[in-house]
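Presented below is the structure to which this report refers.
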Amino acid sequence: MHRQLLSTSQPFSFDQTLAFIRRFPPCQGEYLVEDDAVTAAVTLGDRAVPVTVCRAGTGAAVETPRAADLTAAAEVAARWIGAADDVGALYRAARGDAPFERLIAVLHGLHQVRFLSLAEISVYCVMMQRTPIARAAAMKRAFLARFGTPVEVAGRTLLAMPSLAALADLEAGDLGDAIRHAAKGRSIANVVRGVAALGERALREAPYAEAKAALLAIPGIGPFSAGAILLRGLGRMEEVPSLALFARDAALVYGPAFSGAAIARRYDGQLGYWSYYLKAGAARLNS
């Protein structure tokens with residue numbers, strides 16, 4: 001195996017990363033998760049390869065079987081685990097917010113674990129529209145079983161999501177047949193083609209409002225899906241689709257003292273990370 005250290009912004013906890021991955025329903029069963037490492041099948045260019053992220057001191061490293069894949073794999077891995085995210089900015093904003101500081105104590109060092117690729121979140125954002133999370137996750141598994149590229153790792157087959165370009169060539173009818181939902185198949189076809197036309201670089205680098213508006217112009221993408229692509233796919237923390245989406249978890253953490261307006265003021269620029277910690281922390285409290 002060929003190995004490269006990842007630059008990780010501190011504080012960083014690999015244990016928290018693994019704990020989140022083990023609990024995240026949309027990706028259950030898709031990775032090989034061990035005590036000190038997690039391996040995923042990733043599409044790099046036109047090839048599917050195994051990418052392992054493992055503990056390295058207080059940070060993390062990436063490993064691949066081929067040296068030629070290491071640079072691209074490191075870029076994917078760093079984005080996947082939010083290695084460069086400045087969680088310290090969130091922690092500073094939280095000073096004085098006692099309920100949220102309790103979540104930080106439970107989740108200390110957790111960086112945002114994103115979807116592996118823009119292609120993956122573009123597909124999944126349609127599946128989760130008005131659909132229970134367990135059903136959406138089942139659709140995703142069925143989708144990968146039909147269209148994913150197999151990679152053998154330690155006697156187990158992992159499936160890599162195809163690239164956006166490859167997904168854009170698929171027929172809507174075939175997509176709908178794979179997940180047993182014709183309407184979502186048509187929406188997925190529109191979304192992957194629209195997102196591919198925009199390009200990942202533009203969505204990462206354009207001002208947030210422009211990127212969001214471009215996504216909303218794609219048939220099949222509404223405010224919730226646009227926000228999911230930007231936050232959970234690309235790690236853009238500036239906004240969330242609506243604070244009302246987090247009302248149930250906020251009530252669990254804050255009780256009747258919760259004020260969306262106060263949260264928006266306090267966590268301006270960090271609302272995405274606030275929502276991520278809120279959801280992850282509430283799930284721990286409920287377990």
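General observations
- Within the range 272-286, residues that are more than 17 Å from Pro241 (Cβ to Cβ) reach partners that are of a type in the set (D, E, K, R) with beta carbons closer than 6 Å, at six or more positions or on different chains, in the pairs Ala282/Asp249.
- Within the range 153-187, the set of residues being in a strand (DSSP E or B) and either on the phi > 0 side of the Ramachandran plot or touching a residue at least 24 places away in the same chain (Cβ under 8 Å) (or both) comprises Val153, Arg156, Leu158, Leu159, Ala160.
- Those residues of the range 247-282 which are of a type in the set (Phe, Trp, Tyr) and either in a loop (DSSP other than H, G, I, E, B) or under 17 Å from the mean Cα position of the chain (by Cα) (or both), in sequence order: Phe258, Tyr267, Tyr273, Trp274, Tyr276, Tyr277
- Restricting attention to the range 207-225, the residues being touching a residue at least 40 places away in the same chain (Cβ under 8 Å) and hydrophobic (A, V, I, L, M, F, W, C) number 2.
Where a number appears in this text, it was derived from the coordinates with a stated rule and is not lab data. Please read all numbers here as calculations on a predicted model, not as lab measurements. Here Cβ is always computed from backbone atoms with ideal geometry, including for glycine, and neighbour counts include all displayed protein chains.
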